[in-house]
Amino acid sequence: MKFRFLGTGGAFDIAYGNSAALVEFKGQTLLLDCGFTVYPTLRQFQLTRGITYILLTHLHNDHTGSLANVLLHCHYFNPNCRPSILYPDDDFRDELYEFLRLQLQKPETYVDFVPLSEVPGITALDTYGLHAEKLQTYAYIFEEPDGDRFVFSGDIGKPEPLFAFLRGMPPKATTVFHDLTFSQENTAHTYYKKLIPLAQDYVLYGYHCDPTQNPEDNPLPLVYHQPELMITSQLEEAHR
């Protein structure tokens, strides 16, 4: 299993790309979130062709803004690549369908909707209301029977439910990619100081932030500073 981030910025940190990742999981490539900078990045590095599944944490624009573009591109230019959208529950599937219907008219022409339960090894944690009031969000936990566990928080302002859930799982080496904010007033994301004590039990990386604002007292590594996690850094180096 491998995570390769396409971007690590928040909604307004466009210089760092919307937070999204390509996940190599059980021989398939999964696109995790698809904000408005994702499609241009996929096109720039010719990465649209191999996507098998798309998984979304929530429907904010910096997580879904180029979803329709990706689906249209695969339909018209990648005839052997028809991604499936994985959905955690029927209500979220209905929200996704309506979201895409406004852009594609008939979403089923371009994409299949597949229950997440059909892909063993991925657990969705319902984080409703932990990012924005009355907004459905999810964190996702990936694990293979003989491998490590990886966690993608999505956007949450309160980390306690996620880590309580993790503590209830069988012990295993666990890497957590967690959104964070450096401003205590930003309650839509987790203030970095709340995560520091949790790093004792997990390999924890921060994302969904502007790395230039990283305070000196933050000991948490940022995904942006890890070349092995940034697909853009890897591919730019390969093209030199």
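The values are calculated or read from the model by the stated rules, or taken from the named source; none is laboratory data. This is a predicted model, so every value here is computed, not measured. Reconstructed Cβ throughout: ideal geometry from the backbone, glycine too, with neighbour counts over all protein chains shown.
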**Request:** Could you please let me know if Asp13 is surrounded by 17 or more Cβ atoms within 10 Å (Cβ to Cβ), touching a residue at least 12 places away in the same chain (Cβ under 8 Å) and under 10 Å from the mean Cα position of the chain (by Cα)?
**Result:** no
**Prompt:** Counting only residues that are surrounded by 23 or more Cβ atoms within 10 Å (Cβ to Cβ) and of a type in the set (A, V, I, L, M), how many does region 1-10 have?
**Reply:** 1
**Prompt:** When you scan region 20-51, how many residues do you find that are in contact with a strand residue (DSSP E or B) (Cβ under 8 Å, 6 or more places away or on another chain), surrounded by fewer than 17 Cβ atoms within 10 Å (Cβ to Cβ) and assigned to a loop (DSSP other than H, G, I, E, B)?
**Reply:** 1
**Item:** Unique residue being modelled with pLDDT of 95 or more, of a type outside the set (Asp, Glu), farther than 23 Å from His189 by Cα and buried (at least 16 other Cβ atoms within 10 Å of the Cβ) when the list is Leu86, Leu130, Leu56
**Value:** Leu86
**Request:** Go through the residues of region 79-94 one by one and say whether even a single one is more than 24 Å from Ala132 (Cβ to Cβ), in a helix (DSSP H, G or I) and touching a strand residue (DSSP E or B) at 6+ places or on another chain (Cβ under 9 Å).
**Result:** no
**Asked** Which one of the conditions (1) within 23 Å of Ile14 (Cβ to Cβ); (2) touching a strand residue (DSSP E or B) at 6+ places or on another chain (Cβ under 6 Å); (3) not in a loop (DSSP other than H, G, I, E, B) does Thr57 fail to meet, given that it meets all the rest?
**Response** (3)
**Request:** Please find, within region 170-215, the residue that is surrounded by the most Cβ atoms within 10 Å (Cβ to Cβ) out of those that are farther than 19 Å from Phe3 by Cβ and of a type in the set (Lys, Arg).
**Result:** Lys194
**Message:** Can you find, within region 89-126, the residue that is surrounded by the most Cβ atoms within 10 Å (Cβ to Cβ) among those that are of a type in the set (Lys, Arg) and over 24 Å from Gln28 (Cβ atoms)?
**Reply:** Arg101
**Asked** Which numbered condition trips up Glu98, out of (1) at positive phi; (2) free of Cβ contacts under 8 Å to residues at least 24 places away in the same chain?
**Response** (1)
